[in-house]
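S.K.: So that we are looking at the same thing, I have put the structure below in structure tokens.
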Amino acid sequence: MRKLCLLGLTTLVAACGGGGTSGPPAETDDDFPLPLAAGLAPTPPMGWNSWNKFACNINDAFVRGIAQAMVDSGMKDAGYQYVNIDDCWSLAARDANGSLQHDPGRFPQGIKPVADFVHSLGLKLGIYGDRGIETCGHRAGSEDHEVQDAMTFASWEVDYLKYDNCPDPGPNPGPIIQPRFEAMRAALEGSGRPIVFSVCAWSFYEWATRAGHLQRTTTDIKNLWTPDPNSTDRGSIITSLKTNQPLAAYGGPNQWNDPDMLEVGNSDNGAGPVTDVENQSHFSLWAIVASPLIAGNDLRNMSEATKAILTNKEIIAINQDAMGLQGALTKLTGEQSIWAKPLNGNGERAVVMLNEAATAADITVRFDEIGLRGGAATVRDLQAKADRGSFTDSYTVNVPSHGTATLKIVGAEPNRPRGTAFLSDLTPIYAANGLGPVERDHANGGSEGGDGSDIKIRATTYAKGIGMSAPAAVIYRLGGKCTNFSAQVGVDDSSTAGMGTVRFRVFADGEMLFDSQNVSGTAPAMAVNVSLTGKKRLKLLVTNADDGNALDRASWGDAKVECEP
Ligand code: GLA
């Protein structure tokens with residue numbers, strides 16, 4: 001029964017104690033809308049970058065032309081604002097004062113006049129630098145010149161810095177590169193100009209979520225749907241999507257996971273190899289996983305299909321939603337997957353259903369699997385910009401090969417908890433986990449639901465609780481009627497003996513109420529007991545404590561809330 005409850009089968013959810021269609025009637029919910037987060041990147045940055053299509057073929061007139069096209073094509077109106085110059089704008093040598101120099105063959109007047117032009121259009125200028133001694137294109141890097149270079153960028157009125165990771169730092173690069181990225185973050189903050197910091201370290205590091213406003217989670221994307229079987233380079237749209245997916249719990253305001261820039265439009269006009277259907281999927285998936293939306297195509301010359309994909313305001317709205325959550329993989333069945341996240345409105349969910357198979361397939365989304373109560377919900381197709389009507393419990397649509405359905409579903413939020421309620425009996429409105437689903441009344445196991453062992457921390461077993469694999473997050477609705485949350489937390493005994501280090505945090509309405517600091521695999525269970533009076537949402541977060549250990553099974557034994565009856 002517990003396993004079936006976990007899988008969310010409608011008929012059995014009520015038996016799990018909450019969220020089912022036979023419970024109390026849906027309540028009105030005054031939780032929404034939430035205000036936008038503070039900071040330079042409260043929502044994923046949107047713009048364009050020169051690298052994916054043009055590499056080093058850049059110059060002053062070209063960048064101005066792209067900026068003008070961003071306005072003329074409707075991209076600016078859709079929300080894109082950063083015009084980002086990537087590698088090759090500078091020289092290998094510094095000038096007599098030790099400052100970075102623009103390449104006079106490409107930018108004869110320097111960068112400041114380009115920034116002025118971009119700003120005159122109501123847009124922002126981004127530039128590229130590197131944490132090492134040279135960029136990947138063998139131009140001067142900023143190592144040991146961080147403060148000087150940040151001041152240079154600020155003097156040019158640059159608004160965004162993508163900071164790269166050359167020369168190749170070799171195996172176990174984290175400890176070597178971390179201080180270099182952190183030095184540039186500090187230098188930018190000391191520059192006196194607000195500059196978005198894009199950490200491009202080719203792989204995820206937990207420290208990068210603090211150093212940057214966005215952090216690359218992947219190696220370089222390629223303009224391919226799946227990797228080239230004849231190449232050792234595994235880069236592709238699907239590769240980047242899947243590498244980025246288990247990191248969902250880290251994504252959020254001012255720390256967006258970056259699965260790399262968009263390839264949409266780089267197969268335009270029959271150039272292949274990515275089809276319009278695949279490009280739509282690429283865009284819908286980047287939108288729902290709250291990726292930065294940095295176009296990488298020729299904005300001066302877009303097909304109608306590409307323009308329609310990139311400027312779809314309804315899909316952009318799910319990316320820019322103020323809840324600031326990275327859409328989680330909520331269901332994976334063979335080659336079909338469902339990605340979902342709550343939006344900043346009562347009962348609102350964004351859903352992308354992806355079909356990776358070679359033939360079209362029906363995909364069904366069950367409303368109780370995306371954190372709704374089940375029952376009635378309305379469905380809008382954001383790709384077709386068409387209302388599909390009202391449906392009960394689920395919605396089924398035929399999705400083409402390599403295609404997506406991109407939906408906004410509006411239904412009833414789960415009812416608030418009543419009395420003493422175990423979290424494992426409630427329906428979370430959001431659940432993201434490093435490996436497979438967040439488990440109810442089990443430790444995390446592998447990628448399947450219910451495949452873990454009993455929750456056990458230092459040989460004490462907990463019949464009730466939540467099992468996670470870091471990084472992971474769950475969010476529950478409280479309705480402002482609860483007084484207390486308590487649990488016993490620790491690395492689960494099912495992690496390889498004594499291994500794994502995690503950090504447990506509890507938030508309510510954005511306020512941190514509990515922080516375990518780093519908890520090792522041998523530490524005793526730690527008691528959590530926090531007041532929730534008046535709070536509307538409870539978030540449990542587990543992170544990797546910087547060690548990135550794949551055995552970070554983190555359990556919340558006896559996790560429960562005390563609420564009004
Ligand atoms: C690295 C980055 C790319 C691009 C190039 C430029 O490969 O990951 O995004 O900036 O360098 O040389």
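S.K.: Can you pull out every residue in segment 410-427 that is β-branched (Val, Ile, Thr) and open to solvent by 20 Å² or more (accessible area, probe 1.4 Å)?
M.R.: Val410, Thr420
S.K.: Scan segment 181-201 and give yes if some residue there is open to solvent by 40 Å² or more (accessible area, probe 1.4 Å), aromatic (Phe, Trp, Tyr), within 16 Å of the ligand (Cβ to nearest atom) and within 19 Å of the chain's Cα centre (by Cα), otherwise no.
M.R.: No, segment 181-201 has no match at all.
S.K.: Let me ask another. Do we find that Ala361 is small (Gly, Ala, Ser) and surrounded by 24 or more Cβ atoms within 10 Å (Cβ to Cβ) in this structure?
M.R.: Against the criterion (small (Gly, Ala, Ser) and surrounded by 24 or more Cβ atoms within 10 Å (Cβ to Cβ)), Ala361 does not qualify.
S.K.: Something else: Tell me which residues, restricted to segment 95-121, are open to solvent by 50 Å² or more (accessible area, probe 1.4 Å), over 17 Å from Trp51 (Cβ atoms) and in a loop (DSSP other than H, G, I, E, B).
M.R.: Asp95, Ala96, Asn97, Gln101, Pro104, Gly105, Pro108, Gln109
S.K.: Quick one: which of Ala384, Ala405 is of a type in the set (A, V, I, L, M) and touching a helix residue (DSSP H, G or I) at 6+ places or on another chain (Cβ under 9 Å)?
M.R.: Every option except Ala405 fails the conditions.
S.K.: Across segment 57-83, what is the total count of residues that are within 16 Å of the ligand (Cβ to nearest atom) and open to solvent by 40 Å² or more (accessible area, probe 1.4 Å)?
M.R.: The total comes to 1.
S.K.: Report, ordered by the first and then the second residue, all pairs with beta carbons closer than 6 Å, sequence separation of six or more or different chains, a first member in segment 533-548 that is under 17 Å from Val474 (Cβ atoms) and in contact (Cβ under 8 Å) with a residue 60 or more places away in the chain, and a second member that is hydroxyl-bearing (Ser, Thr, Tyr) and buried (at least 21 other Cβ atoms within 10 Å of the Cβ).
M.R.: Note: pairs meeting the criteria are Leu538/Tyr476.
S.K.: Could you check segment 273-366 for helices (runs of 4 or more DSSP H) lying wholly inside it with 2 or more residues that are closer than 30 Å to Asn57 by Cα and touching a strand residue (DSSP E or B) at 6+ places or on another chain (Cβ under 6 Å)?
M.R.: 276-288
S.K.: Does Glu263 fit the bill of being acidic (Asp, Glu) and within 16 Å of the ligand (Cβ to nearest atom)?
M.R.: It is true that Glu263 is acidic (Asp, Glu) and within 16 Å of the ligand (Cβ to nearest atom).
S.K.: Here's something else I'd like to know. Residue check: is Ala208 open to solvent by less than 60 Å² (accessible area, probe 1.4 Å), on the phi < 0 side of the Ramachandran plot, in contact (Cβ under 8 Å) with a residue 12 or more places away in the chain and assigned to a helix (DSSP H, G or I)? Give the derivation first.
M.R.: On the way: open to solvent by less than 60 Å² (accessible area, probe 1.4 Å): yes; on the phi < 0 side of the Ramachandran plot: yes; in contact (Cβ under 8 Å) with a residue 12 or more places away in the chain: yes; assigned to a helix (DSSP H, G or I): yes.
The answer is yes for Ala208.
S.K.: Can you tell me which residues in segment 211-222 are away from the ligand (no atom under 15 Å from the Cβ) and open to solvent by 10 Å² or more (accessible area, probe 1.4 Å)?
M.R.: Across segment 211-222, the qualifying residue is only His213.
S.K.: For Ile475, all conditions in the list (1) among the aliphatic types (A, V, I, L, M); (2) free of Cβ contacts under 8 Å to residues at least 12 places away in the same chain; (3) closer than 20 Å to Lys539 by Cα hold save one; what is the number of the exception?
M.R.: (2)
Here is a yes/no grid of residues against (1) of a type in the set (Gly, Ala, Ser); (2) within 23 Å of Gln81 (Cα to Cα); (3) touching a Pro at 6+ places or on another chain (Cβ under 6 Å); (4) modelled with pLDDT of 95 or more:
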position: Asn254; (1), (2), (3), (4): no, yes, no, yes
position: Leu262; (1), (2), (3), (4): no, yes, no, yes
position: Ser281; (1), (2), (3), (4): yes, yes, no, yes
position: Ser291; (1), (2), (3), (4): yes, yes, yes, yes
position: Leu299; (1), (2), (3), (4): no, yes, no, yes
position: Met302; (1), (2), (3), (4): no, yes, no, yes
position: Thr306; (1), (2), (3), (4): no, yes, no, yes
position: Glu314; (1), (2), (3), (4): no, yes, no, yes
position: Glu335; (1), (2), (3), (4): no, no, no, yes
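S.K.: Is it fair to say Glu146 is within 22 Å of Ala208 (Cβ to Cβ), away from the ligand (no atom under 16 Å from the Cβ) and over 27 Å from the mean Cα position of the chain (by Cα)?
M.R.: Criteria met by Glu146.
S.K.: Just the residues that are within 16 Å of the ligand (Cβ to nearest atom) and more than 11 Å from the chain's Cα centre (by Cα), please, taken from segment 238-260.
M.R.: First pass over segment 238-260, keeping only residues within 16 Å of the ligand (Cβ to nearest atom): 239-240, 243-244, 256-260.
Within segment 238-260, Thr239, Ser240, Thr243, Asp260 meet the criteria.
S.K.: Still on this structure, I have one more. Within segment 84-93, which residues are away from the ligand (no atom under 15 Å from the Cβ) and crowded, with 20+ Cβ neighbours inside 10 Å?
M.R.: Matches in segment 84-93: none.
S.K.: Kindly check whether there is at least one residue in segment 100-121 that is more than 20 Å from Asn266 (Cβ to Cβ), in contact with a Gly (Cβ under 6 Å, 6 or more places away or on another chain) and more than 16 Å from the ligand (Cβ to nearest atom).
M.R.: yes
S.K.: Determine the pairs where a residue that is under 30 Å from Asn346 (Cβ atoms) and within 16 Å of the ligand (Cβ to nearest atom), located within segment 30-55, has a partner that is open to solvent by less than 30 Å² (accessible area, probe 1.4 Å) and not aromatic (Phe, Trp, Tyr) with Cβ atoms under 8 Å apart, the partner being 6 or more residues away or on another chain.
M.R.: Cβ pairs passing all conditions: Pro45/Val196; Pro45/Ser198; Pro45/His213; Pro45/Leu214; Pro45/Pro292; Pro45/Leu293; Pro45/Ile294.
S.K.: Now a separate question. Residue by residue through segment 122-137, note down the ones that are in a loop (DSSP other than H, G, I, E, B) and either more than 15 Å from the ligand (Cβ to nearest atom) or open to solvent by 10 Å² or more (accessible area, probe 1.4 Å) (or both).
M.R.: Correct list: Gly122, Leu123, Arg131, Ile133, Cys136, Gly137.
The values are calculated or read from the model by the stated rules, or taken from the named source; none is laboratory data. Predicted model, so just to flag it, every value in this text is computed and none were measured. Note that we place each Cβ from the backbone using ideal geometry, even for glycine, and neighbour counts take in every protein chain shown. The area values use the complete protein model at the heavy-atom level, side chains included, leaving out ligands, DNA and RNA. Shrake-Rupley method; radii C 1.70, N 1.55, O 1.52, S 1.80 Å.
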